[in-house]
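Let me begin by presenting the structure, written as structure tokens, before commenting on it.
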Amino acid sequence: MLPPNIDDALTSSDVIVREGDNVTLRCKAKGSPEPAIRWKRDDGLKIVLNKSNEVSEVEGETLELERISRLHMGAYLCIATNGVPPSVSKRIKVSVDFSPMVSIPHQLVGVPMYFNTTLECFIEANPTSLNYWTRENDQMITDSYKYKTETIPGNPSYKATMRLHITNVQKSDYGSYKCVAKNPRGEMDGTIKLY
């Protein structure tokens, strides 16, 4: 009788894939009796096998993820058991890279003169994007007494909210503002009109 032991040489390590690719994770274990292998997500969410099929665990040495999307991102546990304690597990991280997506909750923002306002953009990107704001002339906006920019990390980690706080709005502040998100996969921007 031998407790299970995961064979690292024959087991997948962390992977980084592009959205839309297929991924096969493998896990091999030795032991006596022959260990059984099952897969679970480390965060307790279901495993998305395809659009119509989500399961809480998968049995077998391979885990096939088709047309991978950001929903698949996370750590997967391969767990080997054979009735001889202890059971063992290995954590395999799956990262999914995609170019930034920008969505804007309010594309038109009206504010009276001398008031303060905040413009907001929602971002999804992995790897994390570099985020900044520009005006019509593509001039980057830097923090000053007039402008304050911030990016608030979201959950899951590929989400974020970009904010531009504008103090004491003047006539010259009206017009278009762009939020821009760039990562190695690409860039995207969105436009907000302040009136």
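Filter region 38-52 down to residues that are over 21 Å from Arg18 (Cα atoms), of a type outside the set (A, V, I, L, M, F, W, C) and in a strand (DSSP E or B), then give me how many there are.
Within region 38-52, residues that are over 21 Å from Arg18 (Cα atoms), of a type outside the set (A, V, I, L, M, F, W, C) and in a strand (DSSP E or B) number 2.
Within region 68-88, is there a residue that is within 22 Å of Pro156 (Cα to Cα), charged (D, E, K, R) and at pLDDT below 95?
Yes.
Which residues, counting only those in region 24-37, are surrounded by fewer than 18 Cβ atoms within 10 Å (Cβ to Cβ) and either of a type in the set (A, V, I, L, M, F, W, C) or not in a loop (DSSP other than H, G, I, E, B) (or both)?
Hits for region 24-37 are Thr24, Arg26, Lys30, Ser32, Ala36.
At least 2 residues that are open to solvent by less than 50 Å² (accessible area, probe 1.4 Å), modelled with pLDDT of 95 or more and small (Gly, Ala, Ser) in each: list the strands (runs of 3 or more DSSP E) lying fully within region 104-195 that qualify.
The strands (runs of 3 or more DSSP E) meeting that bar are 175-183, 186-194.
Considering each residue of region 144-173, count those that are within 26 Å of Met113 (Cα to Cα) and either in contact with a His (Cβ under 7 Å, 6 or more places away or on another chain) or free of Cβ contacts under 8 Å to residues at least 40 places away in the same chain (or both), and give that number.
10
Against the condition without any contact (Cβ under 8 Å) to a residue 24 or more places away in the chain and either of a type in the set (Gly, Ala, Ser) or at positive phi (or both), how does Ala29 come out, does it pass?
So Ala29 fails the test.
Give the number of residues within region 44-102 that are over 19 Å from the mean Cα position of the chain (by Cα), open to solvent by less than 80 Å² (accessible area, probe 1.4 Å) and charged (D, E, K, R).
Of the residues in that region, 3 qualify.
The values are calculated or read from the model by the stated rules, or taken from the named source; none is laboratory data. Just so you know, these numbers come straight off a predicted model, no measurement behind them. Counting neighbours? That spans all protein chains shown, and the Cβs are built from the backbone with ideal geometry, glycine included. Surface areas here come from the heavy atoms of the whole protein model, side chains and all, with no ligands, DNA or RNA. Shrake-Rupley method; radii C 1.70, N 1.55, O 1.52, S 1.80 Å.
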